[in-house]
Amino acid sequence: MPVKTELKYPIDSAVLAAILLATILWNATPAICFARDLSPVYEETFDIAAGGASLTRASRYGAALANPALLPFSGSFHRWLGSEFSLHINRESVAMAKTMVPGSSTSGSSSSDFVDHVFESPFLAGTQTSLAYLNAYGGVGFFSKFEVDLEAQEYGPTGLPAIILNGKSYTGGTVSAAGRIPFMPLSLGLTAKYLMISEPNLSIDLADPNAAAQFQDPSALSSLVNPSSGIGYDLGALLFIQGPKVDWRLALKIDDATGTSFSGGDSVEDFKQVVSTGASVTFHRGADAIHIAVDRRDLQNAYGTPAFKSTRAGVKVLLRSYIGIAAGYYDGYPSVGAELDFIFLKLGAASYRRERTDSPGLSPRNVYVMNLATGF
């Protein structure tokens, strides 16, 4: 029977607040980084709901990073001008947040209660923002993605209770160019991206006062802000065969062509070149459409990713151009979501499950996403 943390290894409220503050301020990476997987630096909520199969169809600014060859086949010269904000939080964290709401029956819970909650289930929260303009020939955009994952262990690396901090911070800008091949249903695209990244991974021993005390010093926190930066290139191709009621699409994508190296700041693992392919069919009638897509990422197995993580599949149902419903297969589990388009205001939500390791079911995260976009 597990021992309650507050009885054996109490933690001061100020120390806990400092630890959480450290994760928020971490837009850089400490010396230790976890291995990068196939998680993209930017992904739209509606595309996540559809299983992340976005090589042949992507929403708004997501097209520039999913496959720039999508831009010429947007149906018009102008594709997107606007900004977006999305919140990512795991299901267990939603339940904990409810106990912190003033007036609730369990409001005013102590920091030890929070630590006990983390021991029982992980805490994940993050945000994603973007500002972009895209048309049929290219565009520019800026994005920022930050995520923190807290997981407590009764027996950490030193054999004592510890909080494990994992995070992702991707900030950057993109410039895209695309065009159709004359007399052929084929388009080519290029996205150049400047990235500032950090992927912190740190273990904090709850029984070691010296380990926790270092996060109470603001100067120590500021010394951790040491980002790494690099410039990379993504290449894409799209074959689009359009019919009166049925469309076919085939896509080829090269992420981080020849690899993306990072310099400055702390040591960060370079992004390897990844080759992916996708296929889809779209049944359409008037303003209604059903899009079915399958992607196979990392064909050359550069990251050693198992098939259940590198296969993406999903369905998008578009009704009268105002309502979108999606479901798919993301990271080996079902995903689902919906989007409402009020012309200049778009609201979306999605639910999916993400694996943090290559072993299914070992350390999953059940994530909710809420999205707000303004633009046209």
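The values are calculated or read from the model by the stated rules, or taken from the named source; none is laboratory data. Quick caveat: nothing in here was measured; it's all calculated off a predicted structure. Glycine also receives a Cβ, built like all others from the backbone with ideal geometry; neighbour counts cover every protein chain displayed.
Look at K253 and say whether it is under 22 Å from S169 (Cβ atoms), in contact with a helix residue (DSSP H, G or I) (Cβ under 9 Å, 6 or more places away or on another chain) and either modelled with pLDDT of 95 or more or of a type in the set (F, W, Y) (or both).
Details: under 22 Å from S169 (Cβ atoms): no; in contact with a helix residue (DSSP H, G or I) (Cβ under 9 Å, 6 or more places away or on another chain): yes; either modelled with pLDDT of 95 or more or of a type in the set (F, W, Y) (or both): yes.
The answer is no for K253.
Return the pair list, or none, for Cβ contacts closer than 6 Å from residues in region 188-205 that are among the hydroxyl-bearing types (S, T, Y) to residues that are modelled with pLDDT of 95 or more and part of a strand (DSSP E or B), at least 6 apart or on different chains.
Within 6 Å, the pairs are T191/T174; T191/S176; T191/D234; Y194/G172; Y194/G173; Y194/I231.
Y329 - would you say it is farther than 19 Å from L238 by Cα, surrounded by fewer than 16 Cβ atoms within 10 Å (Cβ to Cβ), of a type in the set (F, W, Y) and touching a residue at least 12 places away in the same chain (Cβ under 8 Å)?
no
Of all residues in region 60-103 being touching a strand residue (DSSP E or B) at 6+ places or on another chain (Cβ under 6 Å), of a type in the set (S, T, N, Q) and not in a helix (DSSP H, G or I), which is modelled with the lowest pLDDT?
Step by step, filter region 60-103, then rank; the result is N90.
Within region 311-331, can one find any residue that is under 20 Å from the mean Cα position of the chain (by Cα), in a loop (DSSP other than H, G, I, E, B) and farther than 24 Å from E84 by Cβ?
There is no residue in region 311-331 that is under 20 Å from the mean Cα position of the chain (by Cα), in a loop (DSSP other than H, G, I, E, B) and farther than 24 Å from E84 by Cβ.
In region 177-208, what residues are outside any strand (DSSP E or B) and farther than 23 Å from G62 by Cβ?
Restricting attention to region 177-208, the residues satisfying the condition of being outside any strand (DSSP E or B) are 181-185, 199, 206-208.
Selection gives I181, P182, F183, M184, L206, A207, D208.
So which residues in region 332-376 are of a type in the set (S, T, Y), in a strand (DSSP E or B) and more than 15 Å from the chain's Cα centre (by Cα)? Walk me through how you get there before you give the answer.
Of all residues in region 332-376, those of a type in the set (S, T, Y) come to 333, 335, 351-352, 357, 359, 363, 368, 374.
Imposing the further condition that a residue be in a strand (DSSP E or B) reduces the set to 333, 335, 351-352, 368, 374.
Result: Y333, T374.
Only one of these is touching a residue at least 12 places away in the same chain (Cβ under 8 Å), of a type in the set (A, V, I, L, M), surrounded by 16 or more Cβ atoms within 10 Å (Cβ to Cβ) and closer than 18 Å to A350 by Cα: I323, I292. Name it.
I292
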